[in-house]
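Each remark here refers to the structure printed beneath this line.
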Amino acid sequence: MVRKAWAAVLAGVLAVSLVGCSGQNAGQAGGKGFSVGMVTDTGGLNDESFNQSAWSGIERSQKELSTDIKALESKRDEDYVPNLTKFAREGRNITWGIGFKFNKAIPEVANQFQNVHFGIVDDNLGGNIPKNVTAVTFKEEEGSFLVGAIAGLTTKTNKVGFIGGMTSPLIKKFEAGFIAGVKAVNPNAEVQVAYAESFTDATKGRSLAQSMYNGNVDIIYHASGGVGKGLFDEVKVREQGKFWAIGVDMDQSKLAPEHTLTSMIKKVDVAVFDVIKELKEGKLKGGEQKEFGLKEGGVSFVKSKHISDDVVKKVEEFQQKIIKGEIKVPTTPEEAKNFKAN
């Protein structure tokens, strides 16, 4: 009787183990159906920037596509590979790495887990995209051009600023587009540029903003992730109507409602959702880059109450010219210096 009892227990344990393995092999997290994972960069989920926007798109997939979703926050760069690997081992159908800093971790993990799909935002992996990876990129320079034009048309001091996060080709695209937009409408305006060499140091962001404002800059645009929180902390203690901040990635006006001139919207949420939907419907081709600009509805600007109708009209004219290909926005600061709008 004892032997029979133990045999029954062992059979039960074996059955549970086999069911668990079957669920993982099917590419389903815990057998729950279509599942999505997201790994943030060091900015975290609540960065008021692209991590938060990406998570919004993933939450939308939960509501509209009934996906099982989960996120892991990376505290340091060394967390990227372990976090991606954890989701891959769970068998999630797609795991996202948010930000260009995943450009080494994504290929490494994707090559180890070729039966699951991965997505990366803001990097095309140099064109060497594994078959089980989708790279999502944006024409940040186009959206930055529009807010640059707004800054150039609004400044009273003819001095505006740009604060970047880490020096990189990606952030240089924001800088280039902004400079070109300013110069297109106000050739006499000076654009001051500073980099925090961080995406998380809000204290550094505030220090850079303070220095610029004290130097007679009246409008500052940032592309710096969590560093930008320091910009908003600084601008909101300054005189209303005289000092302005321009947000990035999402509408950041809630950080300083009466001091945010506009924001450059980068629709990471829409892009992420679209890729998830395509994969779930079996329509997604791996190994490709998907690029979103003004024409694709991937970038735009916020028409805030602080922008005059005349300025909005002028900026929308530029927007149409860019969409039609009449204006090609530069992607490097070197190109921006010699830029002239048609």
Hey, what's the per residue convex hull volume over the C-alpha atoms of the chain, in cubic angstrom? 147
Cα→Cβ-extended label distance, 7 Å offset, between N188 and T332, nm: 3.2
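Pop out the carbon and sulfur fraction of the accessible area of the chain as a percent, whole number, probe 1.4 Å. Write out the running numbers ahead of the final one.
Working: 7520 of 15440 Å².
Of the solvent-accessible surface of the chain, carbon and sulfur hold 49 percent.
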Would you mind calculating the gained length between S211 and S56 on full extension (0.36 nm times residue separation, minus the Cα-Cα distance), in nm to one decimal? 52.4 nm
Pulled fully out, how much extra length does the chain show between E278 and T203, if you take 0.36 nm times their separation in residues and subtract their Cα-Cα distance? 22.9 nm
Candidates V237, V116, V270; GNM for the chain (alpha-carbon contacts under 10 Å) flags as most fluctuating V237
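I need the trypsin sites (Lys or Arg not before Pro) found in segment 136-216, filtered to DSSP loop residues with at most 12 other beta carbons within 10 Å of theirs.
Answer by residue number: K156.
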Mean Kyte hydropathy of -0.5 or more with a Cα span along the axis of at least 20 Å, helices from DSSP in the chain: 2-25, 140-154, 169-185
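Expressed as cubic angstrom per residue, what is the convex hull volume of the alpha carbon set of segment 72-184? If you can, show how the numbers build up before the last one.
Values: hull volume 13.1 nm³, N = 113.
Considering the Cα atoms of segment 72-184, their hull volume per residue is 116 Å³.
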Spelling it out for F162: with amide H atoms placed in the peptide plane at 1.01 Å from N, the residues 5 or more places away or on another chain with amide H under 5 Å from its amide H are Q192, V193, A194, Y221
Tell me, what is the FRET efficiency for D309 and Q112 to the nearest 0.05, using R0 = 41 angstrom and their Cβ-Cβ distance as r? 0.15
Under the 0.36 nm per residue contour assumption, what length would be gained going from the current alpha-carbon distance of D251 and Q289 to full extension? 11.1 nm
How much FRET efficiency would the formula 1/(1 + (r/R0)^6) give for N132 and S168, where r is the Cβ-Cβ distance and R0 is 22 Å, rounded to 0.05? 0.30
List, in order, the whole-Hz ³J(HN,Hα) value for each residue of segment 124-131 obtained from phi through the Karplus relation with A = 6.51, B = -1.76, C = 1.60 and θ = phi - 60°; use x for Gly and Pro. 9, 6, x, x, 9, 9, x, 4
Over the Cα atoms of segment 132-213, what is the Rg over Rh ratio if Rh follows Kirkwood? 1.03
Heavy-atom surface of the chain, accessible at 1.4 Å and reported per residue (Å²): 45
Once the Cβ-Cβ distance between R76 and Q320 is put in as r, and R0 is 35 Å, what FRET efficiency do you end up with, to the nearest 0.05? 0.20
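The values are calculated or read from the model by the stated rules, or taken from the named source; none is laboratory data. Being a predicted model, the structure only gives us computed values, none of them experimental. Here Cβ is always computed from backbone atoms with ideal geometry, including for glycine, and neighbour counts include all displayed protein chains. Just the protein is used for accessible areas: all its heavy atoms, side chains included, with ligands, DNA and RNA removed. Shrake-Rupley method; radii C 1.70, N 1.55, O 1.52, S 1.80 Å.
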